[in-house]
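Enquirer: Dropping a structure here in C-alpha cells format, bear with me for questions.
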Amino acid sequence: MVGFAYEGSFIMEILRTTAEMARWRDECCRESRTVGFVPTMGYLHQGHLALVKEALRRADRVVVSIFVNPTQFSPGEDLDKYPRDFGRDLDLCRELGVDVIFAPEVEEMYPSGFQTRVLVDHLSQNLCGRYRRDFFSGVTLVVTKLFCAVRPHLAVFGEKDFQQSVVVKRLSKDLNLGVEIIPHPTVRESDGLAMSSRNTYLSKDERQSALALYRSLLAARELVQEGERRVEVLIDRTKAIIEAEAHCKIQYVQVVDEDTMVDIVEVTPKAVMAMAVFVGKARLIDNMRLWSD
Ligand code: AMP
C-alpha cells in the first residue's frame, strides 16, 4: 500500500490487491461512508475526470480503478499498445481529491486457474458486440470482479460507451450487486470529437477526418428535427458524410432502442444512433440520441 500526502492532510492511497481493497472498504463501512467508483483503463482525459467529479459529488469516498483489462481485447486488437501513463493518472486523480486508486496487476485479477465467466445476453449481442467477439464478456467479467472488490454504493459510467453503460446497469440489477449505475454524458473536445484514450493514435490529418463522426451524428439529428423518421434515410446520410472523409472506414452505423439495443426502422423518442469507425488504425465509437423535445 502506498500513500501520498497532499496539501498537508489529504492522502490518496494506491492499492494493488483485493485484500487491501477489502480492508479499506471495511473501514468505510465502520465509518458509515458512502463509496463511489469510476472504473477506467487509465490514460485519463477530461472525459474520465468528469466521471470522477460526478462520483465525488455523490459519495463520501471515491475509488478510481486503473486496469487495462486483457479479457476484453480479442487477438489482433490493441491490448499491447494501449496507451499508459500511470504517473500522470495519479497526479490528475490526486488533484481532484480521489481517495483510492485501485490498480491491480493482471495476475491479481486473473490468477492461474481462473475460469469463471459472466454473460449479459441480449444487450451484448448487437453493435460493438457483433464486431468485438470478446469485448462484452470481458467487460462484464472485470466489472463484476471490480464491484466485488470495491463494493461501491454507486459507479459512474460514460455514455460515450453507451451500450456498455446499459449492459452494466443490467448486470448490477440481475446479480443483485446493489451498485447504482450513474450514466454520464459524453465529454467532447471543443470541436466535437468525443474524448478517448485512443485519440492518441490519430495523426493530425486523421484527427481532422475523425470530426466527421460528430458532424454526421448532428446531421442525422437535424434531419429528425425536420421531421424525418425513416432510419434508413438517416443512416444513408450519416454514412455519406463519413465516407466522404479520407482515412475513415465505417464498421457500423446503426439506430437502436436505448433500452433494448435492438435495431429500429422508425425513429422514436428512445432512438440512439451509434457508430464505430476506423480512422487510420484507431477504432473510434460515438453515439447520439436522435430525439430532442
Ligand atoms: P475507459 O478508460 O476507456 O475504459 O473508460 C472508462 C470510463 O470512462 C467508461 O465509463 C467510459 O465510458 C468513460 N469515458 C471515456 N471517454 C469518455 C468521454 N469522452 N465522455 C464521458 N465518459 C467517457
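Enquirer: List the trypsin sites (Lys or Arg not before Pro) within the range 116-215 that DSSP assigns to loop and that have no more than 15 neighbouring Cβ atoms inside 10 Å. Let's see the in-between values first.
Expert: Numbers: sites: 117, 130, 132, 133, 145, 160, 169, 170, 173, 188, 198, 204, 207, 215; in loops: 117, 132, 133.
Sparse-neighbourhood loop trypsin sites (Lys or Arg not before Pro): 117, 133.
Enquirer: Compute the helix-to-body angle for 231-243: its Cα long axis versus the longest principal axis of the chain, expressed 0 to 90° and rounded to tens.
Expert: The answer is roughly 80 degrees.
Enquirer: Longest segment of the chain with no GluC sites (Glu not before Pro) in a DSSP loop having at most 11 other Cβ atoms within 10 Å?
Expert: Values: sites that count: 7, 31, 105, 226.
Segment 106-225 is the longest.
Enquirer: Straight-line reach from residue 160: which lysines have a Cα under 18 Å away, not including same-chain ones fewer than 8 places off?
Expert: Straight-distance partners of residue 160: 53, 169, 270.
Enquirer: While we're here: Between residue 116 and residue 74, take the C-beta separation as r, use R0 = 25 Å, and let me know the FRET efficiency to the nearest 0.05. Walk me through the numbers before you get to the answer.
Expert: On the way: r = 19 Å, r/R0 = 0.77.
Approximately 0.85, to the nearest 0.05.
Enquirer: Pull out the extension gain between residue 200 and residue 95, defined as 0.36 nm times the separation in residues minus the alpha carbon to alpha carbon distance; nm, one decimal.
Expert: Working: separation 105, 0.36 × 105 = 37.80 nm, distance 2.28 nm.
Additional length available on full extension: 35.5 nm.
Enquirer: A follow-up question, please. Just to compare against my own numbers: the Cα pair-distance distribution for the range 197-289, 10 Å bins, whole % per bin, please.
Expert: Reading the bins upward from 0: 18, 50, 26, 7.
Enquirer: Step through the residues of the range 172-182 one at a time and calculate ³J(HN,Hα) from phi using the Karplus curve (6.51 cos²θ - 1.76 cosθ + 1.60, θ = phi - 60°), rounding each to whole Hz and writing x for Gly and Pro.
Expert: Coupling constants for the range 172-182: 5, 6, 5, 9, 6, 6, x, 9, 6, 9, 9 Hz.
Enquirer: In addition: Relative to the longest principal Cα axis of the chain, at what angle does helix 18-30 sit, 0 to 90 degrees, rounded to 10?
Expert: It is inclined by approximately 80 degrees.
Enquirer: Tell me the relative contact order for the chain as a rounded percent, counting alpha carbon contacts under 8 Å between residues six or more apart. Kindly include the intermediate steps, with their values, before the conclusion.
Expert: Values: 528 pairs, mean separation 46.9, N = 293.
Reported relative contact order: 16 percent.
Enquirer: Helix 204-225 versus the longest principal axis of the chain: what angle, 0 to 90°, nearest 10, using Cα atoms?
Expert: Relative to the chain, helix 204-225 is tipped by roughly 70 degrees.
Enquirer: Scattering from the C-alpha atoms of the range 3-184 alone, worked out with Debye: what is log10 I(q)/I(0) at q = 0.10, 0.11, 0.13 1/Å?
Expert: The calculated log intensity ratios at q = 0.10, 0.11, 0.13 Å⁻¹ are -0.37, -0.46, -0.65.
Enquirer: So what's the back-of-envelope 222 nm ellipticity for the chain, counting only DSSP H runs of four-plus at -39500 (n - 2.57) apiece and dividing by all residues, rounded to 500? Intermediate results must be reported in sequence, preceding the final value.
Expert: Values: 9 runs with 109 residues, N = 293.
Result for the chain: -11500 deg cm²/dmol, rounded to the nearest 500.
Enquirer: Would you mind giving the three semi-axes, in whole Å and largest first, of the ellipsoid equivalent to the range 81-145 according to its Cα gyration tensor? It would help to have the intermediate numbers written out before the result.
Expert: Working: eigenvalues 155, 56, 30 Å².
Equivalent-ellipsoid dimensions as semi-axes: 28, 17, 12 Å.
Enquirer: In the range 43-114, which trypsin sites (Lys or Arg not before Pro) are in a loop and have at most 16 other Cβ atoms within 10 Å, using DSSP for the loop call? Walk me through the intermediate numbers first.
Expert: On the way: sites: 53, 57, 58, 61, 81, 84, 88, 94; in loops: 81, 84.
Answer in residue order: 81, 84.
Just so you know, all these numbers are worked out from the coordinates, no wet-lab data involved. What you are looking at is a predicted structure, and each value in this text was computed from that prediction instead of being measured. Cβ: placed from backbone, ideal geometry, glycine included. Neighbour counts: every protein chain shown.
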